[in-house]
Amino acid sequence: MKCGVWPIIYASEPYKNFYFRKKKQLDILKETCNIGLGHASTALAKILGKKINMTVPQALFLPLEEAISLGGEPENAVACINLPISGEISGLVIFIFDARSTFRLIDLMMVLPEGSTQILDEMSKSLVKEVGNILAGSFIGAISNFTGLKMCTNVPELAFDMIAATLSSALILHNFAEDQLLVIETVLTESQKEIKGYFFFLTSPEDLEKLFAALF
């Protein structure tokens, strides 16, 4: 299975050129994510009883609309796991799977033939939230350990709706209005099947500056 995941840190207009001005920190952040997602792949492998590999090929900034388009058409249905972040760096983690990948993930975790899952029942929702929680917790934990900045994830929430509506609701609810995203591409592999996800980490320009300063 090959799973493309994009952890994304939300940034504002003044940070459009961060990729060029802060490339060293971006490289360090990429390697930190590699460590965190390595822990996540180990945890998932124990749950699934299968070897899972994750890598982080690149980190870059993208405009909001372009980053959202990574998930496909705006009307596409997605499973969206929201995890508020508190501590010295505050914000919101959003992990998104498209509908096809969500159902594949559930089939994989429940050891069902591919294509068995067509809707989300309560057990399926719980499984998706748990995977999102593991991935986000490992990502945030690695950043916190490397930088020494205290960061804690809170109780995850799950929504299943169109990607545009899901993201817009999350941004409005948490009062984010910036227009640039720092995208960290992540690839998970297991067998020959593919599950795609997108990982967003939304924070303020001030906290983003604090994070990058701690990474240097």
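Structure notes:
- Using Cβ point charges alone (K and R +1, D and E -1), the dipole size of segment 63-167 about the Cα centre works out to roughly 380 debye.
- A crude spin-label estimate for the pair Lys24 and Glu130, with each label 7 Å from Cα along the Cβ direction, gives 4.3 nm.
- Gain upon complete extension [Met123, Glu88; 0.36 nm per residue less C-alpha separation]: 9.2 nm
- Charge tally in the Cβ shell below 12 Å around Val131, where Lys, Arg are +1 and Asp, Glu are -1, Val131 excluded: +2
- Separation between Cα centres of segment 143-158 and segment 88-106, rounded to whole Å: 16
- Cβ-Cβ FRET estimate between Glu73 and Arg100, R0 fixed at 22 Å, reported to 0.05: 0.95
- If the chain linking Lys210 and Asp161 were pulled fully straight, counting 0.36 nm for each residue of separation and taking away their Cα-Cα distance, it would gain 14.3 nm.
Values in this text are rule-based calculations from the coordinates and carry no lab data. Predicted, not measured: the structure shown is a model, and the values here were computed from it. Cβ atoms come from the backbone with ideal geometry, glycine included; neighbour counts cover every protein chain shown.
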